[in-house]
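Colleague: I'd like to ask some things about the structure below.
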Amino acid sequence: MYAEEVAEMAGRIRDEDIALVRERTSIAEVISDTVTLKSAGGGNLKGLCPFHDEKSPSFNVSPARNVWYCFGCGAGGDAIKFLMDAEHLSFVESVERLAARAGIQLRYVEDDRSTPRPRPQQGQRQRLVAAHAAAVDFYRAQLSTAGARRAREFLAERGFDRAAAERYGCGFAPDAWDLLTKHLRQQGFTHDELVTAGLSRPSRSGSLIDRFRRRLLWPIRDLTGDVIGFGARKLFDDDDGPKYLNTPETPIYKKSHVLYGIDQAKREIAKQGKVVVVEGYTDVMACHLAGVPTAVATCGTAFGADHIGVLRRLLMDTDAVAGEIIFTFDGDAAGQKAALRAFEDDQRFVGRTFIAVSPDNMDPCELRLAKGDLAVRDLVARREPLVDFALRHMINRYDLDTVDGRVEAMRRAAPLVAKIKDREKRPEYVRKLAGDLGMEIEPVQRAVLAAANGQPAGGSTAPARPAPVTPSVDSPRSMVEREALKLALQEPVLAGPMFDAVEAAEYRHPVHAAVRAAIAAAGGAATATGGAVWIEQVRDACDDLAGQALVGELAVEPLRIDGEPDPRYVSVTMARLQWGSVTGRIKDLKSKIQRINPVSNKDEYFALFGELLSLEQHARALREQAAGGL
Ligand SMILES: [Zn+2]
């Protein structure tokens, strides 16, 4: 799921081009697109902060220095950073947007270790997006014509009034062969552009005709709000096409990445740290209108790894990496199968994936119609962890009143528990499974262990381990510290130099700090050759009792990686460790800046501000390093 970012790095923009983009960009203009700015005196501007709720403006922009900063919430940066935060774009996407705006042709550094990624032709994207924008206007106007009565009825029957239809840009493809095509040709779009955009297609006779006919249309937008395709619902019985038709794959429409509603939902997804995945366009509308603003839907394809990639950026903007993905299913077999497949495919998200199944097998749109907005919010609130859901469905297939049924159910369910990436959670699920089956814990534990050992990749090297002497994971941060210490104790030859280079001050947990100090006192991990002697040396050097016990525990606890650790894993772990403390320092600095009066302490203010920008750059580099392989 990091493929997208790796590809992005492969197509890295040349540094001098990034500098040029910064230089030619008017930060005030960029920000004015989304924030109304007034003069704040001294050439500076101010407005209401887009990143926190406020009534009086504390969001400041300095056009002279090309920076912005909010005294209310501490957010700040340059124009690139603004687009990243406000539009949830990646660094590269932000630079591309600003470059297009300033008319700068970007050049990319191709990484020769990877295959070069074909980039869309410069300008082509803009043309295809413009054609779509014109098509949206055309279809929207058609929705109020006499021929679109059935489309309006369809929306009304599902509880969507005119305002809702307008908010989502709903339209109607008329009963005609080439009305849209002719309209767009008149506006100057070429034959090839319309075919490439997927809006038109050649007929058998060779003339160009509209792709969609006699259908209700939903414009599909990307993260930035540009329309890149359409979803089209069948309205008439004599329409022998499929119920839903979508734009085909085009240079701008990739169905494996597209999420309907993401443009409207992204801010709430980022804010709430959760996303609700529903099945259709009407479900997205129903959820948003019912007060579940985080809903999105895939378009004509199952939810997959690329969709997770898109959501990662929204969900995991923070250190805590704790986003929740909630799938809603209408309880039919297909939906359940999809949920179980997600469990098979994506181990990384298993612990944060939830299932919300409507008890009456209604989708959110039907639920809202039948029982109102509250019922939709309640459906999402009553979500269940995917693991519980999967286990329940696995077990329900067997007759638990018989010994044979219970044993068979245990045999089938054990591999699911063995697959849980987060090993800390396994004992909990062993207990739960034993309870659900009405069996003793011991045989279930053995079955799970056997399943884990029989698995080629999933934890075959994990030995049974004693109960931990200290609470092992109380936060993601603490988990990373623990992992770094495990690397130093278990793999000093591999991890030693990188481990020793990161200062003791980066470890916040006092017992972890004690072990880190003991490793240094024992001569540093880089000097060790490993084995029991090294563990003894560290234990002897540790003057903290809890630390001594922890050394023994960390020496045998399996690493949180399947297979052998490599330099990349060490690098990722150490980057994540440092990132935590850099973001802590950024927070401190922001609060300090907030307390300074920029008018009377101008020099100090800008000095601190410069420090802040460079720390943020450092944090960004660490985050890229941290994303490099997990
Ligand atoms: Zn703010």
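Condition check ((1) exposed (fewer than 14 other Cβ atoms within 10 Å of the Cβ); (2) over 18 Å from Ser90 (Cβ atoms)) across all residues:
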position: Ser581; (1), (2): no, yes
position: Leu589; (1), (2): no, yes
position: Asn597; (1), (2): yes, yes
position: Ser600; (1), (2): yes, yes
position: Phe609; (1), (2): no, yes
position: Ala627; (1), (2): no, no
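Per-residue answers, yes or no, for (1) more than 25 Å from Thr250 (Cα to Cα); (2) free of Cβ contacts under 8 Å to residues at least 12 places away in the same chain:
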| residue | (1), (2) |
| --- | --- |
| Arg149 | yes, yes |
| Ala176 | no, no |
| Lys182 | no, yes |
| His191 | no, no |
| Leu194 | no, no |
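Colleague: Residues that are within 14 Å of Val556 (Cα to Cα), at pLDDT 85 or above and charged (D, E, K, R): does the range 467-482 have at least one?
Modeller: Taking every residue of the range 467-482 in turn, at least one turns out to be within 14 Å of Val556 (Cα to Cα), at pLDDT 85 or above and charged (D, E, K, R).
Colleague: Among residues belonging to the range 161-202 that are hydroxyl-bearing (Ser, Thr, Tyr) and touching a Pro at 6+ places or on another chain (Cβ under 8 Å), point out the one that is nearest to His288 (Cα to Cα).
Modeller: Tyr168
Colleague: Still on this structure: Out of everything in the range 23-75 that is in a loop (DSSP other than H, G, I, E, B) and hydroxyl-bearing (Ser, Thr, Tyr), what residue ends up being nearest to the ligand (Cβ to nearest atom)?
Modeller: Ser58
Colleague: Continuing with the same structure: Report whether or not Trp218 is surrounded by 12 or more Cβ atoms within 10 Å (Cβ to Cβ) and part of a loop (DSSP other than H, G, I, E, B). Break it down stepwise before answering.
Modeller: On the way: surrounded by 12 or more Cβ atoms within 10 Å (Cβ to Cβ): yes; part of a loop (DSSP other than H, G, I, E, B): no.
No; evaluated as a whole, the condition is false for this residue.
Colleague: From the list Arg158, Arg152, which residue is basic (Lys, Arg), touching a helix residue (DSSP H, G or I) at 6+ places or on another chain (Cβ under 6 Å) and either crowded, with 17+ Cβ neighbours inside 10 Å or under 30 Å from Leu367 (Cβ atoms) (or both)?
Modeller: Testing whether each residue is basic (Lys, Arg), touching a helix residue (DSSP H, G or I) at 6+ places or on another chain (Cβ under 6 Å) and either crowded, with 17+ Cβ neighbours inside 10 Å or under 30 Å from Leu367 (Cβ atoms) (or both) leaves just Arg158.
Colleague: Between Phe138, Phe160, Phe154, Phe172, which is at pLDDT 95 or above and in contact with a His (Cβ under 8 Å, 6 or more places away or on another chain)?
Modeller: Phe138 is the lone residue from the list that is at pLDDT 95 or above and in contact with a His (Cβ under 8 Å, 6 or more places away or on another chain).
Colleague: Can you tell me which residues in the range 253-283 are surrounded by fewer than 24 Cβ atoms within 10 Å (Cβ to Cβ) and assigned to a loop (DSSP other than H, G, I, E, B)?
Modeller: Tyr253, Lys254, Lys255, Ser256, His257, Gly273, Glu279, Gly280
So that you can scan it fast, the table gives a plain yes or no per residue for (1) within 28 Å of the chain's Cα centre (by Cα); (2) surrounded by fewer than 19 Cβ atoms within 10 Å (Cβ to Cβ); (3) acidic (Asp, Glu); (4) at positive phi:
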site	(1), (2), (3), (4)
Pro385	yes, yes, no, no
Ala390	yes, no, no, no
Asn396	no, yes, no, no
Asp399	no, yes, yes, no
Arg411	no, yes, no, no
Ala418	yes, no, no, no
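Conditions (1) at pLDDT 85 or above; (2) surrounded by fewer than 19 Cβ atoms within 10 Å (Cβ to Cβ); (3) farther than 18 Å from Ala19 by Cβ; (4) in contact with a strand residue (DSSP E or B) (Cβ under 9 Å, 6 or more places away or on another chain), marked per residue:
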residue	(1), (2), (3), (4)
Val35	no, no, yes, yes
Pro57	no, no, yes, yes
Lys81	yes, no, no, yes
Arg107	no, yes, no, yes
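Colleague: Okay, moving on. Among the listed residues Gln617, Gln578, Gln625, identify the single one that is under 30 Å from Lys486 (Cα atoms), without any contact (Cβ under 8 Å) to a residue 12 or more places away in the chain and polar (S, T, N, Q).
Modeller: Step by step, each of Gln617, Gln578, Gln625 is checked, and only Gln617 is under 30 Å from Lys486 (Cα atoms), without any contact (Cβ under 8 Å) to a residue 12 or more places away in the chain and polar (S, T, N, Q).
Colleague: Let me ask you something else. The conditions are (1) at positive phi; (2) under 22 Å from the mean Cα position of the chain (by Cα), and Gly206 fails exactly one of them. Which is it?
Modeller: It is condition (2) that Gly206 fails.
Colleague: Same structure again: From the list Gly241, Gly231, which one is of a type in the set (Gly, Ala, Ser), under 19 Å from Cys299 (Cβ atoms) and buried (at least 19 other Cβ atoms within 10 Å of the Cβ)? It would help to see each step written out before you state the result.
Modeller: Values: Gly241 fails: buried (at least 19 other Cβ atoms within 10 Å of the Cβ).
Exactly one of Gly241, Gly231 is of a type in the set (Gly, Ala, Ser), under 19 Å from Cys299 (Cβ atoms) and buried (at least 19 other Cβ atoms within 10 Å of the Cβ), namely Gly231.
Colleague: Cβ contacts < 6 Å: first residue under 15 Å from Val67 (Cβ atoms), restricted to the range 43-57; second residue within 11 Å of the ligand (Cβ to nearest atom) and among the β-branched types (Val, Ile, Thr), any location; separation 6+ or different chain. Result?
Modeller: These pairs meet every condition: Gly47/Val35.
Colleague: All but one of (1) closer than 25 Å to Ile13 by Cα; (2) in contact with a helix residue (DSSP H, G or I) (Cβ under 7 Å, 6 or more places away or on another chain); (3) of a type in the set (Gly, Ala, Ser) hold for Ala28; which doesn't?
Modeller: Of (1) closer than 25 Å to Ile13 by Cα; (2) in contact with a helix residue (DSSP H, G or I) (Cβ under 7 Å, 6 or more places away or on another chain); (3) of a type in the set (Gly, Ala, Ser), only one is false for Ala28: (2).
Colleague: Do we have any residue at all in the range 221-240 that's touching a helix residue (DSSP H, G or I) at 6+ places or on another chain (Cβ under 9 Å), within 28 Å of Val284 (Cα to Cα) and among the basic types (Lys, Arg)?
Modeller: The answer is yes, given that some residue of the range 221-240 is touching a helix residue (DSSP H, G or I) at 6+ places or on another chain (Cβ under 9 Å), within 28 Å of Val284 (Cα to Cα) and among the basic types (Lys, Arg).
The values are calculated or read from the model by the stated rules, or taken from the named source; none is laboratory data. Nothing here was measured: the structure is a model prediction, and the numbers come from that model. Backbone-built Cβ (ideal geometry, glycine too); neighbour counts: all protein chains shown.
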